[in-house]
Amino acid sequence: MRSARHAALLPAAALSAAILLVGGQWLFERQLGQAATLSVVVEFAGGLFFLYLLLKGRIR
C-alpha cells in the first residue's frame, strides 16, 4: 500500500539524484578539467565502501 509520503518522496529522491549526478559530471568535466566520467569516481568510492563493510563484518 502506498502512502502520500511515498508518492512524493520517491520522485523527489530520483530527481535530486539525477540533478546531483548531472551537476557532478559538469563540475568534474568543466571545472576540474578531468576527462573521465563521474561514474568511475562513484564506482571507486562505492567499491571502497563495500570492502569496508565486508571487512567490518568479518572482524565481529
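The values are calculated or read from the model by the stated rules, or taken from the named source; none is laboratory data. Nothing here was measured: the structure is a model prediction, and the numbers come from that model. Methodologically, a virtual Cβ is constructed for each residue, glycine included, from the backbone with ideal geometry; neighbour enumeration extends over all protein chains shown.
May I ask you to list pairs of residues, at least six apart or on different chains, whose Cβ atoms are under 7 Å apart, with the first in region 33-60 being closer than 18 Å to Val22 by Cα and the second being at pLDDT 75 or above and of a type outside the set (A, V, I, L, M)?
Correct list of pairs: Gln34/Phe28; Thr37/Gln25; Leu38/Gly24; Leu38/Gln25; Leu38/Phe28.
Could you count how many residues in region 24-42 are surrounded by 10 or more Cβ atoms within 10 Å (Cβ to Cβ) and either assigned to a helix (DSSP H, G or I) or at pLDDT 90 or above (or both)?
The qualifying residues number 11.
How about region 1-41: which of its residues are β-branched (Val, Ile, Thr) and out of contact with any Gly (no Cβ under 9 Å at 6 or more places or on another chain)? Walk me through it before giving the result.
Step one: of region 1-41, the residues β-branched (Val, Ile, Thr) are 19, 22, 37, 40-41.
Answer for region 1-41, where residues must be β-branched (Val, Ile, Thr) and out of contact with any Gly (no Cβ under 9 Å at 6 or more places or on another chain): Ile19, Val22, Thr37, Val40.
Which of the following residues is in a helix (DSSP H, G or I), touching a Ser or Thr at 6+ places or on another chain (Cβ under 9 Å) and of a type in the set (A, V, I, L, M, F, W, C): Leu21, Leu15?
On the way: Leu15 fails: touching a Ser or Thr at 6+ places or on another chain (Cβ under 9 Å).
After ruling out the rest, the residue left standing is Leu21.
Among the numbered criteria (1) assigned to a helix (DSSP H, G or I); (2) loosely packed, with under 10 Cβ neighbours inside 10 Å, which single criterion is violated by Ala45?
(2)
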